[in-house]
Amino acid sequence: MGESTAFTPRTEALAKNIEQIGYHDLDGKPGFQMAMQEVDGRYYLYCATFKHP
């Protein structure tokens with residue numbers, strides 16, 4: 001049998017030519033329905049949530 005190698009997940013994000021401009025934890029609610037918008041050659045990714053109990 002072959003040897004097993006341990007998998008270590010990455011702790012840093014992989015990104016290229018991207019800048020985070022904002023963050024909100026959505027008050028602990030799950031994110032749903034992402035949308036992307038282009039404005040002046042820049043792309044913005046939005047994520048929203050529904051009213052969740």
Check: For labels at ASP27 and ARG10 in the simple 7 Å Cα→Cβ model, what's the distance in nm?
Finding: 3.3
Notebook entry, point to check: Each residue of region 43-49 in order: what ³J(HN,Hα) in whole Hz does its phi give by Karplus 6.51 cos²θ - 1.76 cosθ + 1.60, θ = phi - 60°, with x for Gly and Pro?
Noted result: 10, 10, 10, 10, 9, 10, 9
Note to self: Can you tell me how the chain classifies by the Cα gyration tensor, rounded, prolate or oblate, using a/c under 1.5 as the rounded cut?
What the structure shows: oblate
Notebook entry, point to check: With each label point set 7 Å from Cα along the Cα-Cβ vector, what nm distance links GLN20 and MET36?
Noted result: 1.9
Next item on the list: Please name which of PRO9, GLN37, ALA48 has its Cα lying farthest along the dipole of the chain towards the positive end, using unit charges on Cβ (Lys, Arg +1; Asp, Glu -1) and the Cα centre as origin.
Entry: ALA48
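Each value in this text was obtained by applying a stated rule to the coordinates, not by laboratory testing. Please read these numbers as outputs of a predicted model, since none were measured by experiment. When we count neighbours, we look across all protein chains shown, and the Cβ atoms used for this are built from the backbone with ideal geometry, even at glycine.
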